[in-house]
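The values are calculated or read from the model by the stated rules, or taken from the named source; none is laboratory data. Keep in mind that what you see is a predicted model, and the values were worked out from it rather than measured. Note that we place each Cβ from the backbone using ideal geometry, even for glycine, and neighbour counts take in every protein chain shown. In case anyone asks, the SASA skips ligands and DNA or RNA and just uses the protein heavy atoms, side chains included. Shrake-Rupley method; radii C 1.70, N 1.55, O 1.52, S 1.80 Å.
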Amino acid sequence: MGVLSRHEIQTLLLPMATLAVVLAPIFWINPNTMSYFGLGLLLNLAVPMILASMAQLCIIAVNDLDLSIGAFISLVSCIAVTWLPERPVLGVAALVACVLLYAAIGALVELFDLPSIVVTLGLSFVWGGFVWGGWALILLPMPGGATPQWIQDVMNLAIPVIPTPIVYAVLIALCAHWFLMRSSTGVRLRGAGGNPKAIVRSGGSVVRAKALMYGLAGVLGILSALTLVGITTSADANIAQRYTLISIAAVILGGGSFIGGKVSPIGATLGAITLGIAASFLSFLNIAPKWQIGLQGAILIIVLSMRILLSARGERQ
């Protein structure tokens with residue numbers, strides 16, 4: 001069996017085409033962006049967006065939705081620039097506690113049949129990132145902090161020939177694809193969203209599966225925050241608020257579905273890169289930030305409409 005099945009390749013065609021459509025005008029307006037340094041600058045913030053999208057993908061894979069991932073990444077960013085440099089033991093303990101809390105939330109959502117949207121929305125107030133409170137704002141009331149040097153070194157690593165963000169993006173996509181789509185563990189975990197009754201009949205536990213997927217989302221959220229502060233070298237309580245909607249859009253843009261455990265790690269990676277580049281392109285055109293969100297939403301609507309039309313055409317054929 002190859003790396004990708006025929007169905008997976010077909011799923012990726014639309015995200016790849018969308019990325020090409022977004023890249024084409026950028027390369028036409030400024031050919032320098034096709035260079036090693038140009039692509040590096042263009043994709044500078046792609047890695048944290050991809051990791052945030054992977055975290056959201058884990059939640060969507062079990063038929064849930066996480067409205068707190070942006071606030072969570074903001075909180076971890078604040079921990080990374082305050083406790084990690086000065087009190088590393090306390091910082092690591094706090095990060096472990098965050099992952100365990102994430103896993104516990106996943107178990108509670110399934111155990112008591114709670115709506116994940118409501119639960120994670122409430123959790124976002126706990127994580128922080130809002131002007132009226134939250135742990136992130138308590139930990140870092142004002143923007144600033146000091147990023148550990150080792151995190152900066154990892155994100156500033158100069159890889160020859162291929163820009164570092166592209167290398168990291170490929171590694172993340174392939175690792176996530178292998179684990180979730182090819183390994184037996186990943187298939188069982190996705191079963192909590194695709195066919196939970198089959199898991200129960202085989203002696204498995206949907207509660208355990210959701211707890212593990214939520215915990216994995218917490219780990220990926222931590223990695224997203226660490227890569228983000230490695231690039232920005234500072235943090236604040238609102239640094240990643242927009243990642244919540246971007247992560248959802250990236251998963252859906254990449255071929256994922258809100259029901260049935262249907263996700264595509266490689267597609268989500270392409271979706272995150274597309275949305276990140278679209279934001280850079282709109283900024284390059286001096287379009288006001290308040291309009292950028294709307295235009296990104298328009299891109300998503302167009303792509304989803306095309307997917308529905310193509311699916312309907314395929315069914316007719």
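Let's see how each residue does on (1) farther than 13 Å from Ala217 by Cβ; (2) within 19 Å of the chain's Cα centre (by Cα); (3) not in a loop (DSSP other than H, G, I, E, B):
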| position | (1), (2), (3) |
| --- | --- |
| Phe37 | yes, no, yes |
| Met49 | yes, yes, yes |
| Cys58 | no, yes, yes |
| Leu75 | yes, yes, yes |
| Leu84 | yes, no, yes |
| Val99 | no, yes, yes |
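I'd like the residue in segment 9-36 that is open to solvent by 30 Å² or more (accessible area, probe 1.4 Å) and touching a residue at least 24 places away in the same chain (Cβ under 8 Å) and, out of all such residues, is farthest from Leu285 (Cα to Cα).
Thr11
If Val76 satisfies every condition in (1) open to solvent by 50 Å² or more (accessible area, probe 1.4 Å); (2) in contact with a Cys (Cβ under 8 Å, 6 or more places away or on another chain) but one, which is the exception?
That leaves (1) as the condition not met.
From the list Val154, Val96, Val109, Val62, pick out the single residue that is among the aliphatic types (A, V, I, L, M), in contact with a helix residue (DSSP H, G or I) (Cβ under 7 Å, 6 or more places away or on another chain) and open to solvent by 10 Å² or more (accessible area, probe 1.4 Å).
Sole residue among the options that is among the aliphatic types (A, V, I, L, M), in contact with a helix residue (DSSP H, G or I) (Cβ under 7 Å, 6 or more places away or on another chain) and open to solvent by 10 Å² or more (accessible area, probe 1.4 Å): Val154.
List, please: which pairs have Cβ atoms under 6 Å, are six or more places apart or on different chains, and start with a residue in segment 234-263 that is on the phi > 0 side of the Ramachandran plot and end with one that is of a type in the set (Ser, Thr, Tyr) and buried (at least 18 other Cβ atoms within 10 Å of the Cβ)?
Pairs that qualify, where the first residue is on the phi > 0 side of the Ramachandran plot and the partner is of a type in the set (Ser, Thr, Tyr) and buried (at least 18 other Cβ atoms within 10 Å of the Cβ), are Gly255/Thr11; Gly255/Ser264.
Exactly one of (1) touching a Ser or Thr at 6+ places or on another chain (Cβ under 8 Å); (2) at pLDDT 95 or above; (3) of a type in the set (S, T, N, Q) is unmet by Ser77. Its number?
Result: Ser77 passes all but (1).
Any idea which residue in segment 233-245 is least open to solvent (accessible area, probe 1.4 Å), counting only those that are closer than 20 Å to Gln152 by Cα and of a type in the set (Val, Ile, Thr)?
Ile239
Given the conditions (1) part of a helix (DSSP H, G or I); (2) touching a helix residue (DSSP H, G or I) at 6+ places or on another chain (Cβ under 6 Å); (3) among the acidic types (Asp, Glu), report the number of the one that Glu8 does not fulfil.
Looking at each condition in turn, Glu8 falls short on (2).
Across segment 246-264, what is the total count of residues that are in a helix (DSSP H, G or I) and open to solvent by 10 Å² or more (accessible area, probe 1.4 Å)?
Residues meeting the conditions: 4.
Yes/no per residue for (1) within 13 Å of Ala61 (Cβ to Cβ); (2) acidic (Asp, Glu); (3) crowded, with 21+ Cβ neighbours inside 10 Å:
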site	(1), (2), (3)
Trp178	no, no, no
Leu189	yes, no, yes
Gly194	yes, no, no
Gly204	no, no, no
Met213	yes, no, yes
Ala217	yes, no, yes
Leu223	no, no, no
Thr227	no, no, yes
Ile231	no, no, no
